[in-house]
Structure formats: structure tokens, C-alpha cells
Amino acid sequence: MKKRVIAYKKFSPALTARLQEAAELIYVDVTGTHGLAPLEDALPDAHGLIGSSVKLNAELLDKAPHLEAIASVSVGYDNYDLDYLTRRCILLCNTPDVLTETVADTAFALILSTARRVVELANYVKAGDWQASLGEPLFGSDVHGKTLGIVGMGRIGSAIARRGHFGFGMTILYNSHSPKPDIEREFAAQYRSLDQLLSEADFICVTVPLSPETTRLIGAREFALLKPESFFINISRGKVVDEKALIDALQKQQFKGAGLDVFEKEPLPADSPLLNLPNVVATPHIGSATHGTREGMARCAVDNLLAALSGKRPPDLVNREAWERRSQ
Ligand code: DGY
């Protein structure tokens, strides 16, 4: 008998066909007025789950007694309770690598658009305000040759460092759990404590995954360390930053601007003070959102899920302990 897979995200016809060939596939729409109810209803018979952007907590998953594996179409796995999944020997898989370069591109889109005021000035042209050659008050800041501080030097941090070093001739500073000699050699990068990095960099780019240790890693004390001419970029998770402190620092013009792809609450509420700040470029969590990369992530998630459900170790297993416990 085929195992039952619940997809809480739409897949391309080719990937849907692959899932259907290997499993009994049920698609549930969690974006409608009933919220998560369709997913909850499907959980009692589920062996596999595949999707993204839904917090699958213990309370919800207790309704899925036969669950063997979850394939998240994301690299981040802050929507899952790892201890709980491992206790139940449920395998959790993510989609690393495939999105690295695209997310690094997004970081640079935010760096360039904040520094060169691209959104603000494009709106200025559209509004018909371009009546004479641009005056100094509307000039931007240079990116090339400046100092880029990367908080979190994983795959994405390293792809950003490569762009900064080779593409823009930037000096690379970084902070991570421990120094990374390979990165230092490759990009002439220099390790700094978080405080040092925040006070030295012209562009601060946050790429750490969300975890209990990184929740509100950057708050009022940290924002006070930024140089007045610096820019703050967040492409990781909104909760890594104390958003109230960020708004306060931006309103007081403690630093020059922010490029934000992620927020404490998503979608960003329409009354967020961030939307009234001209020195903020806010994008709707588009880090990996290109056609090619999202299809690649979906393919990777399908590969992971089908491997897990057929008893094979999935390529991108997050909770290895669950696999080891299973084989005991
Ligand atoms: C991820 O994969 O975690 C990105 O944030 C896109 O959701």
C-alpha cells in the first residue's frame, strides 16, 4: 500500500507526478479562510508532510501518529520542534545549498538598493519629481571598497563574502561560532567579536539561523554600536532582531538605513512604522524566491521525502539523531 503524503504547498506538475507515483498525495490549502484546519484534518493518516511557512508544533503533530518524515521546502527549520521530532523518530529534512547563491544575490540587492536609494529614487522619478539634475540631498553612499560585516558565516554568509570581496573590492569582517580559516584565506576575511563587527562595518548583513541563542541577538545595545553612516541588512529571520529597537534606532537616525527581507511578524502588518521610513527597503521574504531556485528547493524536498518514506537516509537530514534512534 502506498504511503500517504500531505502537501501543504503547491508543486509543479512534474514534481506532483513524482509524488503521486510514489505515494498517495493529498493537497491541503492552508492559505484559505479555514487556516490550518484542512491540514489538521489530514494529519491522522499522514506518513509524510511536505511544504513550508507553517509552524508545525508538537500540539499539531500529536494529531499525526503515523508520521515518519517532514520535508521542509526551506533551508531554515525554525518552524519545527527538533527535540519533539527526534523523540518521535520523525525525520526532518531541509533544502540547503540549492538556494545559497540566490539568497546571497538578495543580500546584495538590499545592500545596493539601500546604499544607492534605488527604491526611493525610482519612486521619485515615477512621481514626476525629477525636474532638474539631482541635488546632494538625494545622493547615495558607495558600496565598492567599503567594509562588509557578515554575522553568521555559513554557506550563505560565505557566498555574500565572495560577492563582496571579488565583486566589490570590500573588506570582509565576519562573526560566527568560531573563526573559519578557509574563509579568511579565500576572501581575506577577518574574524571579529559581534560588538567589534557592528562598530566597524559600513554594511552589516545578518545571516544567522534563528535559534534560542540568536533570538533578539541584535537589540538596542547593539544598534547603538553602529556607525552613523552604516547600513543594516537582515536576510535571516525577523526574530533575530528586536524590531522595536530597530525602528527606534532608525527613527533616531542612529545609522543610515536598513534593507530588510524578514520581519518579526510576516506578512509585515500594514501599520508597521517601518513602512513610513524612507531609509528602509522592505521586501516580502524574497530571499530564495526565484522561479529556478524555488523549483530546485521543491525538487530537493521531494527527493528527501521520497528517500525517507522508502527507508533510505534522506540527503538533507536535519535531525540525524532521529535516524540513528530509528536504526537501533
Ligand atoms: C528558507 O529557505 O529558510 C528561506 O528563508 C526561504 O523561506
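The values are calculated or read from the model by the stated rules, or taken from the named source; none is laboratory data. Bear in mind that the values here come from a model prediction, so they are computed numbers and not experimental data. All Cβ positions, even for glycine, are placed from backbone atoms using ideal geometry, and neighbour counts span all protein chains on display. Remember, those area values only see protein heavy atoms, side chains included, never the ligands or the DNA or RNA. Shrake-Rupley method; radii C 1.70, N 1.55, O 1.52, S 1.80 Å.
Descriptive notes on the structure:
- Selected residue (criterion: surrounded by the fewest Cβ atoms within 10 Å (Cβ to Cβ)) from residues of the stretch 195-215 that are within 26 Å of residue 77 (Cβ to Cβ) and touching a helix residue (DSSP H, G or I) at 6+ places or on another chain (Cβ under 7 Å): 215
- For the stretch 264-273, a residue qualifies if it is of a type in the set (A, V, I, L, M) and open to solvent by less than 50 Å² (accessible area, probe 1.4 Å), and exactly one does: 268.
- Residue check, residue 124 farther than 22 Å from residue 187 by Cα, in a helix (DSSP H, G or I), in contact with a helix residue (DSSP H, G or I) (Cβ under 9 Å, 6 or more places away or on another chain) and open to solvent by 20 Å² or more (accessible area, probe 1.4 Å): yes
- If the condition is being in a loop (DSSP other than H, G, I, E, B), charged (D, E, K, R) and in contact (Cβ under 8 Å) with a residue 40 or more places away in the chain, then the stretch 90-116 contributes only 97.
- Pick from the stretch 46-89, criterion basic (Lys, Arg), assigned to a loop (DSSP other than H, G, I, E, B) and out of contact with any helix residue (DSSP H, G or I) (no Cβ under 6 Å at 6 or more places or on another chain), ranking: farthest from the ligand (Cβ to nearest atom): 88
- Among the candidates 140, 128, 145, the residue that is more than 15 Å from residue 205 (Cβ to Cβ) and over 31 Å from the mean Cα position of the chain (by Cα) is uniquely 128.
- Flag for residue 113 being of a type in the set (Ser, Thr, Tyr), in contact with a strand residue (DSSP E or B) (Cβ under 9 Å, 6 or more places away or on another chain) and more than 16 Å from the ligand (Cβ to nearest atom): yes
- Check on residue 133, at pLDDT 95 or above, more than 16 Å from the ligand (Cβ to nearest atom) and part of a helix (DSSP H, G or I): no
- Hits in the stretch 274-320 - residues which are open to solvent by less than 50 Å² (accessible area, probe 1.4 Å), in a helix (DSSP H, G or I), over 13 Å from residue 11 (Cβ atoms) and not hydrophobic (A, V, I, L, M, F, W, C): 293, 304
- Restricting 64, 46 to residues that are touching a Leu at 6+ places or on another chain (Cβ under 8 Å), surrounded by 20 or more Cβ atoms within 10 Å (Cβ to Cβ), without any contact (Cβ under 8 Å) to a residue 24 or more places away in the chain and not hydroxyl-bearing (Ser, Thr, Tyr) narrows the list to 64.
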